[in-house]
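Student: Before I ask anything, let me first share the structure, which is written out below as structure tokens.
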Amino acid sequence: MVSARELYDEMIRERVAPALREYGFRRRRNRFTRASGGGWQMIDFQASQFGSRDDVRFTINLHVAYPELEAGGESWTQSRPPPASASHAQERIGMLLPDRLDLWWEVTAGTDAAGLSKETLELIEEVGLAWLEARRDLDRYLDLVRTDAGPQESLEGYELRRMQRLLDRVGRRQEAALVRDELERRGI
């Protein structure tokens with residue numbers, strides 16, 4: 001009998017990875033990366049630390065990293081992606097849905113892997129890729145600040161505060177002022 005962990009790993013390897021490869025993502029374990037606009041876009045399938053061999057819970061995290069915000073000279077390049085912890089913008093996929101709830105899936109030995117992978121890939125295609133594309137490079141990100149576009153592209157206060165600190169840190173004062181103005185406009 002196949003365990004939940006084996007089923008989850010097989011789903012990522014056999015179903016998710018080939019589908020995301022078509023969008024230019026490369027797989028390393030349960031994280032998918034692609035270079036974009038000089039930076040990196042990442043889709044991370046995060047398994048809960050409380051899972052077991054017979055019960056796996058996971059969510060999907062989206063990340064974007066911009067090289068121009070790395071004042072310390074990080075070791076990632078156009079050919080070597082950064083760790084997810086080095087990302088400058090991130091969001092859980094459930095927060096992009098209308099009810100804005102943290103979304104976790106459960107895998108057991110009896111889970112329909114084909115159905116579950118189809119569901120998660122559709123969600124990535126419907127909202128995840130749009131979120132990543134809207135933040136593809138720093139200029140697009142700043143366009144979001146200027147326009148505060150629709151719900152998928154809308155920027156949260158915590159994301160704006162973090163971006164403002166990063167821009168200040170690397171000496172991009174004009175862009176930091178733009179973000180600060182948006183924070184003030186919102187009363188944050």
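The values are calculated or read from the model by the stated rules, or taken from the named source; none is laboratory data. Everything quoted here is computed from the prediction, not taken from an experiment. Cβ coordinates were reconstructed from backbone atoms using ideal geometry, including for glycine residues, and neighbour counts include every protein chain displayed. Keep in mind that these areas ignore ligands, DNA and RNA; they rest on the heavy atoms of the full protein, side chains included. Shrake-Rupley method; radii C 1.70, N 1.55, O 1.52, S 1.80 Å.
Per-residue answers, yes or no, for (1) open to solvent by 50 Å² or more (accessible area, probe 1.4 Å); (2) part of a loop (DSSP other than H, G, I, E, B); (3) without any contact (Cβ under 8 Å) to a residue 12 or more places away in the chain; (4) farther than 23 Å from Thr120 by Cα:
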residue: Arg5; (1), (2), (3), (4): yes, no, no, no
residue: Met11; (1), (2), (3), (4): no, no, no, no
residue: Phe50; (1), (2), (3), (4): yes, yes, yes, no
residue: Thr59; (1), (2), (3), (4): no, no, no, no
residue: His63; (1), (2), (3), (4): no, no, no, no
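Student: Separate question: How about segment 13-32: which of its residues are part of a helix (DSSP H, G or I) and open to solvent by 40 Å² or more (accessible area, probe 1.4 Å)?
Tutor: Arg13, Glu14, Arg15, Pro18, Arg21
Student: When you go through Leu155, Leu138 one by one, which is the residue that is buried (at least 17 other Cβ atoms within 10 Å of the Cβ), closer than 20 Å to Gly94 by Cβ and either within 16 Å of the chain's Cα centre (by Cα) or modelled with pLDDT of 90 or more (or both)?
Tutor: Checking each option against the conditions leaves just Leu155.
Student: Could you grab the pairs with beta carbons closer than 8 Å, sequence gap of 6+ or different chains, first residue in segment 88-109 and of a type outside the set (Phe, Trp, Tyr), second one assigned to a loop (DSSP other than H, G, I, E, B) and open to solvent by less than 20 Å² (accessible area, probe 1.4 Å)?
Tutor: Final answer for the pair search is His88/Tyr66; Ala89/Arg135; Ala109/Ser3.
Student: If you take the residues of segment 95-113 that are more than 25 Å from Leu132 (Cβ to Cβ) and either out of contact with any helix residue (DSSP H, G or I) (no Cβ under 6 Å at 6 or more places or on another chain) or of a type outside the set (Gly, Ala, Ser) (or both), which of them is least open to solvent (accessible area, probe 1.4 Å)?
Tutor: Thr111
Student: Determine which member of the set Arg80, Arg146 is open to solvent by 40 Å² or more (accessible area, probe 1.4 Å) and either under 18 Å from the mean Cα position of the chain (by Cα) or of a type in the set (S, T, N, Q) (or both).
Tutor: That would be Arg80, the only listed residue that is open to solvent by 40 Å² or more (accessible area, probe 1.4 Å) and either under 18 Å from the mean Cα position of the chain (by Cα) or of a type in the set (S, T, N, Q) (or both).
Student: Can you spot a residue in segment 33-46 that is open to solvent by 50 Å² or more (accessible area, probe 1.4 Å), touching a residue at least 40 places away in the same chain (Cβ under 8 Å) and not aromatic (Phe, Trp, Tyr)?
Tutor: Yes: one or more hits.
Student: May I ask you to list the residues in segment 119-129 that are surrounded by 14 or more Cβ atoms within 10 Å (Cβ to Cβ) and either free of Cβ contacts under 8 Å to residues at least 24 places away in the same chain or β-branched (Val, Ile, Thr) (or both)?
Tutor: Thr120, Ile124, Val127
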